[in-house]
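Novice: Structure below; questions to follow.
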């Protein structure tokens, strides 16, 4: 299952030339594999549709999630929630049809469906 | 303010040992990726799911944020018992994989409790759930609000 390998889930990534590295958290994610393809469920609390950037480039799927800034009322008393965004990179199985990847986010859980191209689905050949 | 992390076992040598074991398991998983994962899976149930909590306060209210991605409103239980706010619930797994599975997310029950340092107006507690973050606003009781008494100088 090539999809599960993560070559560069760094906690930091360059935002651009000359800029300081941006810190990211690696989201907890489940990967399901079926005959038809893969499904990724990634936990990104505080991220909505507008804060998501999903790119496929050179066989790599990159998920970026930016939290929308919450206006906190008052001063922090106790903090556990990290305010950094999320980033995770997956190396894609070549069988995946990258033009048909679908994404939706519901209550902070991103669901990505990555169908396999039809040509690579096993086909039975009848001997005449 | 006193915030109690939920513990399935009382703090004992046993739970400390298990904590260490599960950490070792996590380390192993990282080293061997998922190859050892299924062998050690039974131990995963000892990993406690402690959703992250933030607490803010101002003169009028406390605001509590809890990271609870992927739940339904009905699955979250919020209760206020005296000065103790408890947030709990259960997340059910909807796994559907016939050819393999790699899991990192927590499923099952969770609970966090926190003790508020001053009384709150329980009638006016208000909760919203958006983008996987639960926000509970607890207005302070009138008698607990800091009062400014103007003193006139003669």
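What follows draws every value from the coordinates through simple rules; no lab data is involved. Here the structure is a predicted model, which is why all the values come from computation and not from measurement. When we count neighbours, we look across all protein chains shown, and the Cβ atoms used for this are built from the backbone with ideal geometry, even at glycine.
Novice: Sorting A:124, B:72, B:140 on the 10 Å Cβ count, fewest up front, what's the list? Can you show the working numbers first?
Specialist: On the way: A:124 4, B:72 12, B:140 21.
With the sparsest Cβ surroundings first, the list reads A:124, B:72, B:140.
Novice: Sticking with this one: Please arrange A:68, A:41 by counting, for each residue, the other beta carbons lying within 10 Å of its beta carbon, fewest first.
Specialist: The fewest-first ordering by Cβ neighbours comes to A:68, A:41.
Novice: Mind checking B:129-141 for the average number of partner chain beta-carbons within 10 Å of each residue's beta-carbon?
Specialist: Shielding by partners across B:129-141 averages 4.
Novice: For residue A:102 and residue A:34, FRET efficiency with R0 = 25 Å and r from the beta-carbon atoms, rounded to 0.05?
Specialist: The pair residue A:34/residue A:102 has a calculated efficiency of 0.95.
Novice: Quick one: order B:147, B:130, B:73, A:116 by neighbouring beta-carbon count within 10 Å, fewest to most.
Specialist: So the residues, fewest neighbours to most, are B:147, B:73, B:130, A:116.
Novice: If you don't mind, there's one more thing I want to ask. Normalised by the empirical 2.2 N^0.38 Å for globular proteins, what value does the Cα Rg of segment B:97-154 take?
Specialist: The value comes to 2.11.
Novice: Work out the mean other chain Cβ neighbour count within 10 Å for the residues of A:61-71 and drop it here as an integer.
Specialist: Whole-number average of other-chain Cβ neighbours for A:61-71 is 1.
Novice: Also, quick follow-up: Just to verify a number: FRET efficiency for residue A:56 and residue B:147, C-beta to C-beta distance, R0 = 41 Å, to 0.05?
Specialist: So, using R0 = 41 Å, E works out to roughly 0.10.
Novice: Right, something else. Please find the FRET efficiency linking residue B:127 to residue B:93, where r is the Cβ-Cβ separation and R0 is fixed at 25 Å, and quote it to the nearest 0.05.
Specialist: Working: r = 25 Å, r/R0 = 0.99.
Plugging the Cβ-Cβ distance into 1/(1 + (r/R0)^6) gives 0.50.
Novice: To the nearest whole number, what is the average tally of beta carbon atoms from other chains within 10 Å of the beta carbons of peptide A:28-35?
Specialist: On the way: counts 5, 4, 10, 7, 10, 6, 6, 2.
If you average over the peptide's residues, the count of other-chain Cβ atoms is 6.
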